[in-house]
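Some notes on the structure that comes next.
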Amino acid sequence: MITVFVFGLTLGSVLAQGKKPEVRIGDLEHRIHDLVNDQRQRNGLGALQLDQKLSAVARAHSEDMAKSGYFDHSDRAGRSAFQRVALAGIVCHIIGENLFQNNLYTRPRIENGCCPASTGLS
């Protein structure tokens with residue numbers, strides 16, 4: 001079983017005018033976090049807290065992938081998510097990372113199939 005989180009961006013006349021809509025990364029991150037916790041609650045699991053330091057590490061990796069044209073759990077130096085978090089001075093014993101690629105301008109909907117039930121995260 002795969003849990004699917006779906007939400008859409010309303011683009012309305014913005015695309016009709018040929019303009020790219022504004023994407024507020026912080027709002028997007030919070031919305032995904034809320035959707036994950038909604039799904040966890042439906043599955044009888046506790047809510048996850050949003051950690052700004054971990055979010056910053058994830059955001060930096062996302063930005064690097066977008067700017068440098070790659071898509072991988074390892075960064076260009078070969079560092080894993082666990083290593084990137086440690087380099088940021090954050091102590092974690094377990095790290096999970098879900099990557100998803102989408103073009104918000106031509107497909108204004110995010111569908112993130114993540115968290116298989118077997119992991120206990122769904």
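Kindly list the number of the only condition in (1) small (G, A, S); (2) open to solvent by less than 60 Å² (accessible area, probe 1.4 Å); (3) over 13 Å from the mean Cα position of the chain (by Cα) that fails for S55.
So S55 meets the others, but not (3).
Scan (1) over 17 Å from H33 (Cβ atoms); (2) at pLDDT 55 or above; (3) not charged (D, E, K, R) for the single condition A117 breaks and write down its number.
With respect to (1) over 17 Å from H33 (Cβ atoms); (2) at pLDDT 55 or above; (3) not charged (D, E, K, R), A117 is out only on (2).
Give the residues of region 39-48 that are among the polar types (S, T, N, Q) and either under 13 Å from E29 (Cβ atoms) or open to solvent by less than 80 Å² (accessible area, probe 1.4 Å) (or both), sorted by residue number.
Residues satisfying the conditions are Q39, N43.
Can you work out which of the residues in region 58-84 that are in a loop (DSSP other than H, G, I, E, B) and open to solvent by less than 60 Å² (accessible area, probe 1.4 Å) is modelled with the lowest pLDDT?
Among residues in region 58-84 that are in a loop (DSSP other than H, G, I, E, B) and open to solvent by less than 60 Å² (accessible area, probe 1.4 Å), the one modelled with the lowest pLDDT is Y70.
Might you check whether a residue that is open to solvent by 80 Å² or more (accessible area, probe 1.4 Å), modelled with pLDDT under 70 and at negative phi occurs anywhere in region 6-16?
yes
The values are calculated or read from the model by the stated rules, or taken from the named source; none is laboratory data. These numbers come from a predicted model, not from an experiment. Note that each Cβ is placed from the backbone with ideal geometry, even for glycine, and that neighbours are counted across all protein chains shown. All accessible areas refer to the heavy atoms of the entire protein, side chains included, with ligands and DNA or RNA removed. Shrake-Rupley method; radii C 1.70, N 1.55, O 1.52, S 1.80 Å.
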